[in-house]
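Comments concern the structure below.
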Amino acid sequence: MISSIARRSHRTERIALTVIRMCAGFVILAMAAILLYLSVEGTKTFFVDHFSLLQFLFSPDYDLDDNHPGAAIFIVGTLLVTVFAIVVGGPFGIAVGVFLSEIAPKRMAQLLKPAIELLVGIPSVVYGWLGLTLLVPLIRDHTSSPSGFSLAGAGIVLAIMILPTVISLSEDSFNSLPPSLREGSLALGATRFQTIVRVLLPSASSGLAVALILGIARAVGETLAIQLVIGNATAFPKGIFGPTATLTTVIVGEMPSATQGSLQEHALFSMAFLLLIIAMVLILLVRFALRKRT
Amino acid sequence: MKRNAALAALLVGISVSTTAAFADTSITAAGSTALLPLVKDAAGAYQAANPSVKISVSGGGSGTGINQVAAKAIDIGDSDIVPPPTVTGLVDNKVAVIGFAVIVNPDLKVKNLTRKQIQDIFAGNVTNWNQVGGPDQKIVVINRTRGSGTRVVFEKTVIAPEKVTEGGLSEDATGTVISVVKQTPGAISYAAFSGTHGQPVVEVAIDGVAATEANVITGKYPFWSYEHMLTNGPATGEVKKFIDFVSSNTELLNKNSFIKISDMKTSETNR
């Protein structure tokens with residue numbers, strides 16, 4: 001009797017463990033498959049079409065009819081919108097994180113937090129659409145940009161999109177600080193502002209770094225919202241209100257029509273591979289920042 | 001009794017709808033956004049006449065149409081251009097002729113441009129409208145994305161031997177191009193008659209020849225192309241019938257500003 005129950009539970013346990021192992025194995029397999037596929041397809045520009053990595057990375061000449069697969073414009077475009085988004089959205093997000101964790105009355109924080117988390121759930125095409133209908137005409141009418149499609153517009157849309165990530169993560173990192181830090185600082189006669197700037201910000205710095213890096217990761221990978229407002233011009237932006245393109249926007253714009261096996265397809269795969277490498281580097285940075293904390 | 005009748009009606013309804021679902025021939029077409037309005041209209045009319053056929057139509061651009069039909073993902077690839085020689089196995093079914101217009105923002109009051117002026121504008125040599133007889137206003141060039149058939153036709157019939165500069169904005173569908181030209185002061189772009197006719201944008205005359213079907217038919221107006229519905233291997237069955245329906249339906253062709261191939265007084269190969 002007892003042994004049969006034991007045997008049965010033993011069996012269910014074995015089945016459950018097998019299922020869990022299979023799930024984990026599947027994830028690893030899928031990751032490996034993506035990595036392998038992208039690294040094979042993404043290097044054809046170099047091994048099949050024999051272009052140099054330097055030309056791909058640093059040449060601004062992207063003209064496939066003329067056999068020039070330079071991706072410099074798109075790499076610079078991605079870097080610029082990302083920097084713009086993080087410079088505008090980063091400090092803002094951390095400030096709101098501080099507010100939620102340290103300043104806001106508990107009731108208010110309880111209301112604000114779900115509202116901010118809701119922002120994550122808004123599809124990126126909606127952000128892009130809002131950018132196209134509100135921001136583009138605004139920029140057209142009030143700046144030197146004749147069309148309104150611009151780097152700045154894309155940067156602003158992105159800054160708003162990364163806010164929830166930065167806010168939530170920075171709030172969490174403030175909340176995880178031991179109360180003794182605040183109490184000690186206040187007991188020494190520091191004001192609340194001094195406590196936040198001199199004690200809490202430095203103590204939470206690795207958590208804040210994680211918040212910013214994940215914000216950057218989101219910005220680098222964002223596609224649709226940017227495509228609608230950046231103007232998709234194959235040119236370096238002439239100033240902050242000029243149009244340009246990013247790695248993601250050129251991939252989504254051209255991949256459907258790129259003929260299989262063409263240089264265009266290979267170049268786009270190389271850009272996708274580059275994005276994957278950027279993402280992996282960012283994840284490694286997150287791990288590094290987290291390790292520093294513990 | 002009443003309940004039984006209702007039940008019976010329900011069952012009949014279900015069985016009809018399920019048989020319909022299983023007996024359906026479904027046809028998928030995608031590609032050129034210039035050809036899209038015609039194919040959409042034709043699909044509606046064809047389905048109304050043949051309820052057992054289901055036709056789904058979408059855009060994506062000529063390059064997408066060519067790619068997807070070559071990969072057998074769809075039945076018909078809509079395209080403004082003949083597929084490149086690297087893509088094999090496709091059968092070209094020409095269904096109509098379409099004219100394209102160079103369009104500008106209406107506030108410019110520009111009605112005519114010479115071919116040389118258009119080449120200069122799109123090559124980036126001319127950047128202000130006052131250099132080509134317009135007001136003092138910066139020119140905003142809007143291109144189609146690479147992979148657009150309209151762009152290929154434009155480069156081949158109007159811009160060649162010059163080249164389009166890559167610096168301009170680019171949009172990925174006929175409809176988007178028209179709405180951006182409408183809203184943006186100083187904007188210039190190009191799109192098919194099927195999208196531009198009747199819109200609040202100015203279709204400029206090229207070298208004094210107006211952008212009309214009549215001028216396309218005689219060959220006086222240079223900016224036109226055949227529309228292709230590509231199939232992977234020869235078209236058969238309902239797919240063939242549908243393609244024939246598109247190319248022969250004078251009423252739908254005219255309504256969408258297309259020209260019946262047999263009406264043309266001029267012809268071109270490789271277009």
- Task: Quick one: dipole size for segment A:181-294, taken about the Cα centre, charges +1 on Lys/Arg Cβ and -1 on Asp/Glu Cβ, in debye to the nearest 20.
- Result: 700
- Message: Relative contact order of segment A:58-201, please, whole-number percent, based on alpha carbon pairs below 8 angstrom and at least 6 residues apart.
- Response: 30
- Query: Does chain B classify as rounded, prolate or oblate by the C-alpha gyration tensor (a ≥ b ≥ c root eigenvalues; a/c under 1.5 gives rounded; else a/b over b/c gives prolate, otherwise oblate)?
  - Reply: prolate
- Rounded to the nearest 5, the percent of DSSP beta bridges in the protein assembly as shown running antiparallel is 55
- Query: So how far, in whole Å, is the C-alpha centre of segment B:193-271 from the one of segment A:248-294?
  - Reply: 41
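Mind checking the mean number of beta-carbon atoms from other chains within 10 Å of the Cβ atoms in A:230-237?
5
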- Of B:163/B:240; B:40/B:116; B:40/B:156; B:54/B:182; B:72/B:94; A:238/B:109, those spanning more than 31 Å from alpha-carbon to alpha-carbon: B:163/B:240; B:40/B:116; B:54/B:182
- Task: For the protein assembly as shown, would you read off the P(r) tail past 32 Å as a percentage of all alpha carbon pairs?
- Result: 58
- Message: Please report, ordered by residue number, every helix of chain B (full DSSP H runs) that is 27 Å or longer along its axis going by C-alpha atoms and whose mean Kyte-Doolittle hydropathy reaches 0.0.
- Response: B:2-23
- Query: Viscosity 0.890 mPa s, temperature 25 °C: Stokes-Einstein D of segment A:2-42 from its Kirkwood Cα radius, in µm² per second?
  - Reply: 199
- Pull out the extension gain between residue A:175 and residue A:103, defined as 0.36 nm times the separation in residues minus the alpha carbon to alpha carbon distance; nm, one decimal. 24.7 nm
- How many partner chain Cβ atoms sit within 10 Å of a residue's Cβ in peptide B:167-174, on average, as a whole number? 6
- If segment A:194-292 were replaced by its equivalent ellipsoid, with semi-axes equal to the square roots of 5 times the Cα gyration tensor eigenvalues, what would those be, largest first, whole Å? 35, 18, 9
- Item | chain B: calculated mean residue ellipticity at 222 nm from DSSP helix runs of at least 4, using -39500 (n - 2.57) | -10500 deg cm²/dmol
- Partner shielding of B:134-145, as the mean number of partner chain Cβ atoms within 10 Å, equals 3
- Semi-axis lengths (Å, descending) of the ellipsoid that matches the C-alpha gyration tensor of segment A:211-265: 22, 17, 9
- Item | Three-way shape call for segment A:2-136 based on the alpha-carbon gyration tensor, with the a/c threshold at 1.5 | oblate
- Two-decimal log10 I(q)/I(0) for segment A:103-144, as the Debye equation yields it once each C-alpha is a single scatterer, q = 0.20, 0.21, 0.24 Å⁻¹: -0.70, -0.72, -0.77
- Message: If I take the Cα coordinates of chain A and project them onto the principal axes, what are the three extents in Å, biggest first?
- Response: 69, 67, 33
- Query: Within segment A:45-80, which chymotrypsin sites (Phe, Trp or Tyr not before Pro) sit in a loop by DSSP and count at most 13 neighbouring Cβ atoms inside 10 Å?
  - Reply: none
- Item | segment B:124-191: translational diffusion in µm²/s, Stokes-Einstein, Kirkwood Rh over Cα pairs, 25 °C, 0.890 mPa s | 196
- Note on the structure: Taking chain A and counting helices only, DSSP H stretches of n ≥ 4 at -39,500 (n - 2.57) each over all residues, the nearest-500 ellipticity at 222 nm comes to -23000 deg cm²/dmol
- Query: When DSSP assigns beta bridges and you keep just the ones with both residues in chain B, what percent turn out antiparallel, to the nearest 5?
  - Reply: 55
- Which of the trypsin sites (Lys or Arg not before Pro) across segment A:226-294 are loop residues per DSSP, with 15 or fewer other Cβ within 10 Å? A:238
- Query: Do any trypsin sites (Lys or Arg not before Pro) in segment B:110-217 lie in a DSSP loop with no more than 16 other beta carbon atoms within 10 Å, and if so, which?
  - Reply: B:111, B:163
- Could you work out which residue, out of A:250, A:83, A:199, moves most in a Gaussian network model of chain A, that is, has the largest mean-square fluctuation with Cα springs under 10 Å? A:199
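Ratio of segment A:82-194's C-alpha Rg to 2.2 N^0.38 Å, to two decimals?
Here the answer is 1.34, to two decimals.
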- Query: Taking every eigenvalue of the Cα gyration tensor of segment B:145-271, multiplying by 5 and rooting it, what semi-axes result, largest first, whole Å?
  - Reply: 27, 18, 16
- Item | Model label zone, residue A:68; criterion: amide N under 14 Å from point 7 Å along Cα-to-beta-carbon; scope segment B:160-177 | B:163-168
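Values in this text are rule-based calculations from the coordinates and carry no lab data. No experiment lies behind these values; they were computed from the predicted model shown. Backbone-built Cβ (ideal geometry, glycine too); neighbour counts: all protein chains shown.
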